[in-house]
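All remarks here apply to the structure that follows.
The values are calculated or read from the model by the stated rules, or taken from the named source; none is laboratory data. The model shown is predicted, which means the values in this text are computed figures rather than measured ones. FYI the Cβ positions are ideal-geometry reconstructions off the backbone, even for glycines, and counts take in every protein chain you see.
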Amino acid sequence: MKDDDRDLGLDARITRKDFLNATLLGAGGALLSSVAPSWAYTIDAGAHQSPAGTDAWTGYGGTGDYAKANGNTKPVMDAAHRVRDRAYATMPSATIDTGETYDVVVVGGGIAGLAAAYTIAKDTNRAKTCLVLENHPIFGGGAKQNEFDVRGSRLVGPQASNQFGVPREGGTAITSESWADFGLPRSFAYQDVDPSAGDLKIPLDNYAHMDGVNEQQVDVAYYFDQSSGASKPTWLKNIWRNELADAPITPEVRADLLRWRKTVPETTDDFRRRLDTMTYAEYLEGELKLSPAVTRFAAPIVGLINGAAPDGVSAFAAQQIGMPGVARPRSQTGPLPQSFPGGNSAFARHFVKWLVPDGISGAAGLEGVHNGRVDFAALDRKDQSTRIRVGATVFRVEHQQASGAEHVVVAYELNGKPYRVTARSVVMASGGGMSRAVLVDMPADMKAAYATFQHAPALVVNVALDNWRFLHKLGAPCVRWFDDEFGFSANIRRPMIAGARPAPMKPDDPAVLTFYMGLCVAGRSLTEQLTLARKRLTETSYADFERLIRRKMTTMFGGVGFDARRDIAGIVLNRWGHARVVQPPGFYYGRNGQPAAREVVARGYGRVAIGHSELGGHQSATGAMGQGQRAARQALKGI
Ligand SMILES: Cc1cc2nc3c(=O)[nH]c(=O)nc-3n(C[C@H](O)[C@H](O)[C@H](O)COP(=O)(O)OP(=O)(O)OC[C@H]3O[C@@H](n4cnc5c(N)ncnc54)[C@H](O)[C@@H]3O)c2cc1C
């Protein structure tokens, strides 16, 4: 092992090492060009459990229900690539017919798929049978969580979907109805901060700090170095509170950034349609005449939430996520955005608890569902109206006639073997990247529309910290930086309380530091941006990402007492190959008088209804529920 790696703690005895002793050698060799295998054997993993089935690309997955399901794991990705590469261009003769027939088969067990299953059960008083097929080892899709056990503390962080809003009480939308069915409270308590930590303002979720809007309410430290205009590396706190007076930028850029933040755009339908004819970069620089430095400042946020750089996404898409210049300035004093302990994995878990009550141990409600454990066998038992089959990658969905009646055959791969079931109707809640590959009898117009969808990757990293003294010393629980080396922001949260009230947070306590990032870099065509971003996501080994994270944290935090070897207790990577559908100009309202591709896809065909959050454009948990419900009702009409 190189001295540099040792300094960074790559050989330290930490929770993430569990998987290495068991699986590093021989696994994913091609991906591990820069890893010296000898060091894997130097580690004493004795204190830790080694989750079976992890590999050197997927890396350590944490503990608990999600230990083998951190983002797109290698087995999930390999199975998906077999479908993409047409390994199932024809139905394999060895396909095992399970003999099962369901009223509805739902493909995809994310929030949209689970909301579809909920709608089917609720609308029919559980009279119709439904099978949910999900390719990951656990349900949830982008709404999953990572768990760590550090010095006896159970730490939980989101794998992707994280922020939620409380729906209107008594409303009839699925969000309100399910909220009531799940017995969720209307307000939540969050862990207090110990007075010894001073008056530190810690957010409740992982987005509040990103664009400075909530900076009156949360503390954000910005790292400037030579590449971002400072003469030497410097931390500056809460730069928006004094209108960027201390930031190392020119007066012109400062004036433009402030104008960007204060712009009050029109709210007419004409304006929205016009926004969808140009990119966000074109709007900022062409219409508002703002400096390209403003576009660069916005780029990582747009890259994360819209999926590509501002020169690749519709200005309307940027408006959907509340970006300045195109959306009305947001309140800087309203309630802070909220997050469940594992982000929106809570919604997925509550749907499952309602659908299969003993699929999660313990009582219903916030505390029970958060602290219960998934009983995987219970999810897919005979004789229950809803069954959830995980680890099942659907590779073919096809209408067939039998005895004069039409039905749909749904074929999937499970543990390396092909199976088929029969459905009266199908809901595709799996996202366009996969759906268009498995819907083999799609009509031509839908096929053409689906072919235009492009998907962006994202990476979410949860770093379990032994302590967060370095952030306390910095005076900020949230950090933001400006180079393209690795990510752009990270933060710890005040965790939501879902059980006994814990002692207030202290800097000596363990915590989860979460990094969210898109991977696109501006200045290339959208297709090139996405190809390069996906290449980086798929071709970087766990060990190389780990090294990068340790180095980045050491560079930024070394001066405030951070020691990677001592302070990192675990690292989980959540790689999302198809995190977002990218919304280029025309995605929302179509082009040249033609309907938008998403509208064509949403029509469905035959006995197949299509409902995934991406059909709404900007993806959200609420949107996913709405799409799942719409598609489920369409599917029910056909049977
Ligand atoms: C990094 C990130 C952060 C986000 N943050 C937020 C947030 O803070 N708040 C918010 O509201 N939303 C957020 N979102 C949006 C998020 O996508 C939605 O909230 C919601 O989780 C999407 O649900 P879905 O069911 O539509 O899609 P998905 O979560 O994509 O679920 C689809 C499921 O289908 C499975 N599948 C695909 N193909 C197959 C196949 N062939 N066979 C079987 N199964 C298959 C997939 O693996 C997946 O599990 C975020 C998304 C990302 C990527």
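When residues in the range 292-341 are screened for being acidic (Asp, Glu) and without any contact (Cβ under 8 Å) to a residue 12 or more places away in the chain, 0 of them pass.
Does any residue of the range 552-571 turn out to be surrounded by 19 or more Cβ atoms within 10 Å (Cβ to Cβ), of a type in the set (A, V, I, L, M, F, W, C) and within 16 Å of the ligand (Cβ to nearest atom)? Checked against the condition, which is being surrounded by 19 or more Cβ atoms within 10 Å (Cβ to Cβ), of a type in the set (A, V, I, L, M, F, W, C) and within 16 Å of the ligand (Cβ to nearest atom), the range 552-571 yields no hits at all.
What strands (runs of 3 or more DSSP E) completely inside the range 119-170 contain at least 2 residues that are within 16 Å of the chain's Cα centre (by Cα)?
145-150, 153-158
Candidates 511, 464, 476, 448: the one that is closer than 23 Å to residue 228 by Cβ and more than 16 Å from the ligand (Cβ to nearest atom) is 476. Condition check for residue 609 on (1) surrounded by fewer than 22 Cβ atoms within 10 Å (Cβ to Cβ); (2) away from the ligand (no atom under 13 Å from the Cβ); (3) farther than 13 Å from residue 118 by Cβ: one failure, at (1).
Do you know which of the residues in the range 194-215 that are away from the ligand (no atom under 16 Å from the Cβ) and closer than 21 Å to residue 294 by Cβ is surrounded by the fewest Cβ atoms within 10 Å (Cβ to Cβ)? Please lay out each step first, then the result.
Of the range 194-215, the ones away from the ligand (no atom under 16 Å from the Cβ) are 194-202, 212, 215.
Remaining after also requiring closer than 21 Å to residue 294 by Cβ: 212, 215.
Numbers: 212: 23, 215: 19.
Looking at the filtered set, the residue picked out is 215.
Number of residues in the range 87-107 that are in contact (Cβ under 8 Å) with a residue 40 or more places away in the chain and in a loop (DSSP other than H, G, I, E, B): the value is 6.
Conditions (1) farther than 25 Å from residue 535 by Cβ; (2) modelled with pLDDT under 95, marked per residue:
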site	(1), (2)
10	no, yes
23	no, yes
33	no, yes
45	yes, yes
49	yes, yes
63	yes, no
92	yes, no
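Remark: pairs (first residue in the range 569-595, in contact (Cβ under 8 Å) with a residue 24 or more places away in the chain and under 30 Å from residue 74 (Cα atoms); second residue in a loop (DSSP other than H, G, I, E, B) and of a type in the set (Asp, Glu); Cβ separation under 6 Å; 6+ apart in sequence or on different chains) = 569/466.
Taking helices (runs of 4 or more DSSP H) as the structural unit, those lying wholly within the range 232-316 and holding at least 2 residues that are farther than 23 Å from residue 517 by Cβ correspond to 251-262, 269-275.
With the condition being within 15 Å of the ligand (Cβ to nearest atom), I'd like the helices (runs of 4 or more DSSP H) fully within the range 325-439 carrying at least 2 qualifying residues.
Values: elements: 345-355, 366-371, 376-379, 432-438.
So the answer is 345-355, 432-438.
Filter the range 612-633 down to residues that are among the hydroxyl-bearing types (Ser, Thr, Tyr) and assigned to a helix (DSSP H, G or I) and give me whichever is surrounded by the fewest Cβ atoms within 10 Å (Cβ to Cβ). Result: 622.
Considering only residues that are of a type in the set (A, V, I, L, M, F, W, C) and buried (at least 21 other Cβ atoms within 10 Å of the Cβ), which ones fall in the range 472-495? Spell out how you get there, then give the answer.
Here is the first cut: in the range 472-495, the residues of a type in the set (A, V, I, L, M, F, W, C) are 474, 476, 478-479, 481-482, 486, 488, 490, 492.
Listed by number, the residues that qualify are 474, 476, 478, 479, 481, 488, 490, 492.
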